[in-house]
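Every number here is computed from the coordinates shown, using simple stated rules; none is lab data. A quick note: this is a predicted structure, and the numbers were derived from the prediction, not measured. When we count neighbours, we look across all protein chains shown, and the Cβ atoms used for this are built from the backbone with ideal geometry, even at glycine.
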Amino acid sequence: MQRSEEHFAIKHLRQEVLPSTFCSGCGCGTVINCFLKAVEEEGFKDLKNFVFCSGIGCSSWIPSPYMRADSIHVTHGRSIPVALGLKLVRPELNVVVFGGDGDIAAIGLNHLLHAARRNLEVVVIMVNNMIYGMTGGQAAPTTPLGVETTTTPYGTFEYALDVSNLTVSAGASYVARWTTYHVVQLKEAIKKALRKKGFSFLEVVSQCPPIYGRRIGMESATQILNWFRSSSIALNRARNMKAEELTDKIVVGELVDIDKPTLIENMHKVQEKATN
Amino acid sequence: MHAPVLEPGTYFWQGNIACAEGAIAAGCRFYAGYPITPSSEIFEHLSSRLPKVGGICIQMEDEIASLAAVVGASWGGTKALTATSGPGFSLMQENIGLACMTETPCVIVDVQRVGPSTGQATKCAQGDVMQARWGTHGDHEIIALGPNSVQEMFDLTVKAFNLSESYRNPVIVLADEVVAHMRERVVIPRSLEIIEREETYSPPFFSTSDSYVRAMPPLGRGLNVLVTGSTHDARGLRATADPEIHRKLAEGIFGKIHKDAHILSDVEQYRVGDCEVGVVSYGCTSRSVYTAIQMAEESGMSVGHVRLRTIWPFPAEAVQRLSEGAGRILVPEMNLKQVYFEVMRAVEGKAHVVGLNKVGGGAMIYPEEILRKLTKMTERD
């Protein structure tokens, strides 16, 4: 019998919990693929030196339980400060946070901004599906204006938050936004984030066909991915466009890529001062 | 400024400083906090002391993040502390639940002040007793210790760390503004019993009603540890729809402490079984009780006293013993009755329980007030 070739990602996943609970067409699988590809291309044979931290929401389940690695799955929105505590006492570990737009940009936004301000050496991957998926389709701070959700039956009346831009302002070292359509770019961005000394934030605009797609008239993942493809605008092009031209666009690319002393480096300097 | 390693001997400290030094002596090397009166001196002192002993001290964006960082640091293998007061303690409740559910050793100091809400920031109260027990949602068990002196701010902080390691549970040092801000002599003994983190390399990593797991798996060693605040099995695997797994887990994290309530019971007892009236007190209020008892004895009364060092789990047996001798028990508290109801429950109707409650402005319960009440209670015969 011919042995079928095993998918490259399988060895990094906990097979006892597969198949996953992600809905059909969910973008989380693409995020997992891109992440694990990036990990392999960066030369990691396994995830032994990684600890994943996540909060509450669909994408928080990416590492817990699916990654064959250590993971801490915590309270809603609090993954980043938990990651901070862990990283400060175990700086040799690669600490990666996965979370959704609700987890990271609503209830946990404060922590995101302060982690960026501190230039904490963790990677935060925010899977932005523009909705609260796990709880059944309530509006998120990333839901575009006017979308009908279970908590905004007549349409949202608030503007969506540009989380990546905000994270740049807060002081992150590396910020990039891609969609689940841009798998190669996303993988490359994850590789850069993993190499980056400093706070890295990746926003992955992702599809949620059953909970969000349905509400905007796109019930299949393909439809949404086509929408991502056609409405994505590269950052350098977007810079020359007017705000009103960008209303329905997804601006993709690297928003910032800088090097500056990290939280741990700055803490070490203080430590030296204290002990001398 | 103190030497990196504290010499045994006698010191004259503020309660909050004794608490901070107790944490260092217990092996705490991580503090994350948010400034709040009347606990800030703990943070300030540790910000100067921890870097000297190779520790980390960081100011977080709020108390939610403070306890979250403490949980992260503890899972990283470091003994960790945060300190706060009522408003911050309220914010910490969600992650106290997380620490209970994930069996994360950590210590939370709550220097009680007048509440609810912002209340009176600089004034003493004892209004967080029930919040310490039930502030976070769901079934859980908690350990809370109530110091009544600067010495005990040191001793009970050390003990809190030891208990948090022994039971893999958050432990609360339920201090109050008076104990935290008064200055007294503290003796640092030559040797301290310190319980260190115990590690395990194979599952079970978490307790169930069938097994209590004290040792923790180290992270970053390829053990594939799953830590989750959701219902999980002994391996750590989430099981959000299995009633049996949840029952085992809930009974496990509750039972590991509950079954040891008699061991955890730490009380100071005076004339238990040889008194006409008893007093149950804790924290700064007990200092007035000492004086009141002296005054009462001078006028011929015999007063028994159970002073709670352990507040949770409630030392019911000690209170019962007091009630067996004394038909009447006075519970003075700087709140509108909290421990009072626990005493009622413990005595099972066998003694008449009287409250002496005072709130607001930080005014302590004075010895004379206690004496007056005791006199009235004994006059009824």
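Below is a table of values for the structure above.
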quantity: Radius of gyration and maximum dimension Dmax of segment A:1-90, Cα, Å; calculated: 14.2, 51
quantity: Neighbour cut-off at most 11 other Cβ (10 Å), DSSP loop, GluC sites (Glu not before Pro), segment A:1-36; calculated: A:E5, A:E6
quantity: Trypsin sites (Lys or Arg not before Pro) restricted to segment B:167-233 and DSSP loop, no more than 15 other C-beta within 10 Å; calculated: B:R190, B:R221
quantity: Theoretical FRET efficiency, 1/(1+(r/R0)^6), r = Cβ-Cβ of B:R221 and B:H262, R0 41 Å, to 0.05; calculated: 0.65
quantity: Extreme residue, positive dipole direction of segment B:1-139, given options B:I108, B:A80, B:C28 (C-beta unit charges); calculated: B:C28
quantity: Segment A:96-163 versus segment A:242-256: alpha-carbon centroid distance in Å; calculated: 17
quantity: Principal axis box of segment B:35-82, alpha-carbon based, largest edge first, Å; calculated: 29, 26, 14
quantity: Debye log10 I(q)/I(0) for segment A:90-183, one point scatterer per Cα, at q = 0.23 Å⁻¹; calculated: -1.20
quantity: Efficiency of FRET from Cβ geometry, B:A363 and A:L246, R₀ 56 Å, rounded to 0.05; calculated: 0.35
quantity: Dipole axis of the protein assembly as shown (+1 Lys, Arg; -1 Asp, Glu on Cβ), positive-most option in A:F44, A:I233, B:G349; calculated: A:I233
quantity: Which listed pairs, of A:K197/A:K269; A:K269/B:K159; A:K48/A:K260; A:K48/A:K196, have C-alpha distances above 21 Å, in listed order; calculated: A:K269/B:K159; A:K48/A:K260
quantity: Förster radius 51 Å - calculated FRET efficiency between B:Q120 and B:S230 (Cβ-Cβ, nearest 0.05); calculated: 0.85
quantity: P(r), alpha carbons of segment B:300-363 - 5 Å bins starting at zero, rounded %; calculated: 4, 17, 29, 24, 16, 7, 3, 0
quantity: Globularity ratio of segment B:266-379, using Cα Rg and 2.2 N^0.38 Å; calculated: 0.94
quantity: Distance between modelled label sites at A:A234 and B:T375, nm, 7 Å Cα→Cβ extension; calculated: 9.1
quantity: Positive minus negative residues near B:W13 (Lys, Arg vs Asp, Glu; Cβ under 9 Å); calculated: 0
quantity: Cross-link reach list, lysines versus B:K373, counting only Cα pairs under 16 Å and skipping chain neighbours closer than eight places; calculated: B:K337, B:K358
quantity: Difference of contour (0.36 nm per residue) and Cα-Cα distance, B:S48 to B:R214; calculated: 56.5 nm
quantity: Too-long pairs where the Cα-Cα distance tops 26 Å, listed order kept, from A:K11/A:K187; A:K45/A:K87; A:K87/A:K249; calculated: A:K87/A:K249
quantity: Positive-end extreme of charge dipole, the protein assembly as shown - chosen from A:G85, A:P261, B:S211 (charges on Cβ); calculated: A:P261
quantity: Value of Rg/Rh across segment A:200-276 [Cα atoms, Kirkwood radius]; calculated: 1.27
quantity: Total charge dipole magnitude, chain B, about the Cα centre, Cβ charges on Lys, Arg, Asp, Glu only, Debye to nearest 20; calculated: 140
quantity: Calculated over the protein assembly as shown: convex hull of Cα atoms, volume per residue (Å³); calculated: 176
quantity: Under 10 Å, Cβ to Cβ, from B:H305 - net charge with Lys/Arg +1 and Asp/Glu -1; calculated: +1
quantity: Rg in Å to one decimal, and Dmax rounded to a whole Å, for chain B via C-alpha atoms; calculated: 20.9, 70
quantity: For B:L91, net neighbour charge (Lys/Arg +1, Asp/Glu -1) across residues whose Cβ lies under 12 Å away; calculated: -4
quantity: Whole-angstrom gap from segment A:166-217 to segment B:81-128, using each part's C-alpha centre; calculated: 36
quantity: Segment B:9-188 - Rg and Dmax from Cα coordinates, angstrom; calculated: 14.3, 44
quantity: Simple spin-label estimate for A:R214 and A:R117 in nanometres, 7 Å along Cα-Cβ; calculated: 4.0
quantity: Relative frequency of Cα-Cα separations exceeding 35 Å in chain A, percent; calculated: 15
quantity: Extension gain, B:K350 back to B:E184 (0.36 nm per residue minus Cα-Cα distance, nm); calculated: 55.9 nm
quantity: Trypsin sites (Lys or Arg not before Pro) within segment A:139-197: DSSP coil, no more than 15 neighbouring Cβ in 10 Å; calculated: A:K197
